[in-house]
Amino acid sequence: MVGTRIAVIGAGPSGIAAAKECIAHGLGADLVVFEKSDQVGGNWVFREDPGHSSICSTTHTISSKYYSEYEDFALPPDTPDYPHHTQLKKYFQDYAEHFDVIPRIRFHTEVLHATRREDGAWLIRSSGPGGEQIEVFDVLMVANGHHWNPYTPEYPGRFDGEFIHSHAFKSNVPFTGKRVLVIGGGNSGADVAVQCSHVAERCCISMRSGQWFVSKFFLGWPIDVIYEKVSGMLPHFMRQSIMEAATRLIVGRYEHYGLQNPDHGLLQCHFTINSELIYSLGHGDIVPRVGVSRFDGDRVHFEDGSSEVFDAVIAATGYKITFPFFDKSFIDWEEAKKVPLWRRMFHAEVPNLYFIGLFQPRGSIWPLADYQAMLACLEITGRYHRPTDMRRAIAHELAHPHFEFVDSVRHSTEVDYADFRRELLTELKRAGVKPHARPENASIVQIKAWASRRTGAPPRRLRKAAKQRQNAQRRQAEARSAAPSGSGAPADAVAAKQ
């Protein structure tokens, strides 16, 4: 739509994908991307000081490179299966430069307030190098992320030692020789505990309930490659059974490591992907503890009645979904167990507001955020139409999750990667649009080609072409047998009519 002013909040992986799609759909002329830092990459820009980013110096992805790259832009060929944060940062910067997103970004500019006028236009108040200003936009895309505002639980008593959230954990060096307790068994908690165990005098990890811990590799393959292959062939209950069996085959019984057993299925939660935690537990480098009940000076009391003295407590207890630029009377999902958006992006009552990347898959966010942005641009340009009854559509989606996820705030935006991708592609198909054609050097294309060479099976595209030729030959044979004797009609012409 010519002349449409679009504002994107955030130049992280989802924000730059949103900007790229706007440019690709002819909406880049009046596009502005607001980014309060000095570069693109969002959470993947490591900084020593606590800020927006929540990664530490040793962070690698928990999704493999095969599902951590945008589908239309390949990672470098020498990228390892699980890239380091420095490699991701460069990848996002290369992506933004390749698709000409950088000129549309206002760095060092924070959105202070966003409000919608009676005529539907957005008033955006921002603060940047030139001071504060208010501008009018026709469309707002929110891509500010949901792993930046730490959630810290409150416990009875007072802890006199050092207490930080994992968001502020940048290195294990400050914890050398200390007695450290990590609270939380999610991906951050597992990473922090493993890092601290290398230098701490003693390292414990506290979990209120049993968690699923999944290795990054299975039979030499990244676990998400295995899962995505299985998900396309099997129903949900079989997927879960196979994944749980594979996990037990690798890890064994959790009781052997002093861990509690999960009270839910593996695919009903945001399971932890970490190959080192179980190893460290098995070697005694990390000691498991149950949930914390209270603090008393430097002593921490646990729910099983035991207690222990610690020098430092690191709370890896997740993040709150917040939008500081919106009035809470407009949107407040901080305590929501289900975020009321259709396809995790469409608001029921505000048609010119899109949330890009506000979902939590067991895998990478940005490849699917790219498809969300594509849907938004298709709607803006009139090629796509959302459901007429949005409230009903949202209610149906919330009542039918991909799996019966744990009923908690932590899982308010949980999706299954494979299922959610299929849903987004279904919507694109309704608009007559196909998914991105993956480049020949894409990681997933390369691994499939390698697998084909190993098994002797031809690549999928060649199998598809062969099948199409077989079908054409079959139709021609049927046409020949159906053609009247002496009709003089060429067999190919008869087949074409059919």
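Key figures
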read-out: Sequence ranges 328-335, 18-25, 203-210, ranked by mean other-Cβ count within 10 angstrom, highest first; value: 18-25, 203-210, 328-335
read-out: The range 168-184-the range 402-441 distance, computed between alpha-carbon centres (Å); value: 36 Å
read-out: 3J(HN,Hα) from dihedral phi, the range 226-235, Karplus parametrisation 6.51/-1.76/1.60, rounded to Hz, x for glycine, proline; value: 4, 5, 5, 5, 5, 5, x, 10, 10, x
read-out: Accessible surface of the chain [probe 1.4 Å, protein heavy atoms]: carbon and sulfur percent; value: 51 percent
read-out: Rounded Å value of the spacing that divides the Cα centres of the range 201-251 and the range 329-395; value: 29 Å
read-out: FRET efficiency, 1/(1 + (r/R0)^6) with R0 45 Å, evaluated for Arg248 and Val433 via beta carbons; value: 0.60
read-out: Estimated 222 nm signal from helices in the chain, with DSSP H stretches of n ≥ 4 weighted -39500 (n - 2.57), rounded to 500; value: -9500 deg cm²/dmol
read-out: Packing rank of 77-87, 138-148, where each peptide gets the mean count of other beta carbons within 10 Å, highest leading; value: 138-148, 77-87
read-out: Peptides ranked, highest mean first, by Cβ atoms within 10 Å: ranges 217-223, 410-416; value: 410-416, 217-223
read-out: Counting DSSP beta bridges with both ends in the range 114-254, the antiparallel % (nearest 5); value: 70 percent
read-out: Helix axis angle, 85-98 relative to the chain longest principal axis, alpha carbon, degrees; value: 40 degrees
read-out: Under 5 Å, built H, 5+ apart or other chain: amide partners of Gly157; value: Phe295
read-out: Per residue, in Å², the accessible surface of the chain once ligands and nucleic acids are set aside, probe 1.4 Å; value: 47 Å²
read-out: Rounded if a/c under 1.5, otherwise prolate or oblate - the range 38-181, Cα gyration tensor axes; value: oblate
read-out: Arg158 versus His84: modelled label distance in nm, points set 7 Å from Cα along the beta carbon direction; value: 4.3 nm
read-out: Percent of beta bridges antiparallel (DSSP, the chain, rounded to nearest 5); value: 45 percent
read-out: Additional length obtainable on full extension of the chain from Glu135 to Ser241, 0.36 nm per residue less Cα span; value: 32.9 nm
read-out: Low-density loop positions, GluC sites (Glu not before Pro), the range 101-187 - DSSP coil, at most 16 other Cβ in 10 Å; value: Glu118, Glu154
read-out: Cα lying deepest toward the dipole's positive end in the range 4-103, options Pro77, Ile6, Ala19, charges on Cβ; value: Ile6
read-out: Tensor-based shape of the chain (alpha-carbon gyration tensor, a/c under 1.5 rounded, otherwise prolate or oblate); value: oblate
read-out: Charge dipole (debye, nearest 20) of the chain; +1 at Cβ of Lys and Arg, -1 at Cβ of Asp and Glu; value: 2400 debye
read-out: Additional length obtainable on full extension of the chain from Tyr151 to Glu255, 0.36 nm per residue less Cα span; value: 34.5 nm
read-out: Potential extension, Ala472-Ala168 segment - 0.36 nm per residue separation minus Cα distance; value: 103.2 nm
read-out: Relative contact order [Cα under 8 Å, 6+ residues apart], the chain, whole percent; value: 18 percent
read-out: Listed pairs Lys170/Lys216; Lys65/Lys90; Lys20/Lys338; Lys65/Lys89; Lys65/Lys170; Lys65/Lys216 exceeding 18 Å between Cα atoms; value: Lys170/Lys216; Lys20/Lys338; Lys65/Lys170
read-out: Estimated inter-spin distance, Glu97 and Thr381, nm [label 7 Å along Cα→Cβ]; value: 2.7 nm
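The values are calculated or read from the model by the stated rules, or taken from the named source; none is laboratory data. Treat the numbers as computed from the prediction; the structure is a model and nothing was measured. Quick reminder, even Gly has a Cβ in these numbers, built from the backbone with ideal geometry, and neighbours come from all protein chains shown. The protein model used for the area step is the full one, side chains on, heavy atoms only, and it has no ligands, DNA or RNA in it. Shrake-Rupley method; radii C 1.70, N 1.55, O 1.52, S 1.80 Å.
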